[in-house]
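Structure first, then comments.
The values are calculated or read from the model by the stated rules, or taken from the named source; none is laboratory data. Computed from a predicted structure; not experimentally measured. Note that each Cβ is placed from the backbone with ideal geometry, even for glycine, and that neighbours are counted across all protein chains shown.
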Amino acid sequence: MMPPTPAPPPSKWKRWHKVTLGVLGGLLLFFCGVAIASPPPAENNEKDAEKVALSSPAPVQQIAEEVKEETAAPETTSPKPVKTTPPSPPVKPVVVSYANCSEVRAAGKAPIRTGDPGFRTKFDRDGDGKGCELNGDDAPRTTAPKTTEPEPEPDTDPRFRTCGAANDAGYGPYVQGKDPEYDWYQDRDGDGVVCER
């Protein structure tokens, strides 16, 4: 019979050490795969194309032919004159300004509207967006425009923060559907009456 084998010594590596090392290794493999699979940068492609172009004989022959053409005897014909037109001056925006409605009417621009060139708020005295109106409907407003005011609420009790405060002041109870004050307070028991005493 063989003697029992002794238990291995405890590992210096703890579980979180192993997990961290595994995650780092996985990330390293991922980024290496991305670097290998990605296309090369555009500048390297251009440099490679230049190297190939310079190493082939065709461009050299083409350059030699161009040099021969340039050093050949000049032609006796005179070059054609190039027609050049002077650049047109920049167009400046026309600023339209009217001193009064008489000038607006004389220019044929009446009634002048908000946003039109030359419009000024002094031309639109009634504030309707049209100035120097031909029918004379440009009188200044003498009263504020009418607005629809909400009808006043029927006489209600003063509003309090709580039903207790309303009761202490002598107000309440309020019935749902009958008293507008009912909506101001919370009906905790759901019986349709708030601020019961």
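In the set R159, R113, R141, which member is at pLDDT below 65, of a type outside the set (D, E) and surrounded by 10 or more Cβ atoms within 10 Å (Cβ to Cβ)? Break it down into steps so the answer makes sense when it comes.
Numbers: R159 fails: at pLDDT below 65; R113 fails: at pLDDT below 65.
Of R159, R113, R141, the one residue that is at pLDDT below 65, of a type outside the set (D, E) and surrounded by 10 or more Cβ atoms within 10 Å (Cβ to Cβ) is R141.
Hey, could you check the range 116-136 for residues that are basic (K, R) and not in a strand (DSSP E or B) and say which is surrounded by the fewest Cβ atoms within 10 Å (Cβ to Cβ)?
Checking each candidate, the answer is K122.
Within the range 50-72, does at least one residue satisfy the condition of being farther than 30 Å from G118 by Cβ, modelled with pLDDT of 70 or more, of a type in the set (V, I, T) and exposed (fewer than 10 other Cβ atoms within 10 Å of the Cβ)?
No, the range 50-72 contains no residue that is farther than 30 Å from G118 by Cβ, modelled with pLDDT of 70 or more, of a type in the set (V, I, T) and exposed (fewer than 10 other Cβ atoms within 10 Å of the Cβ).
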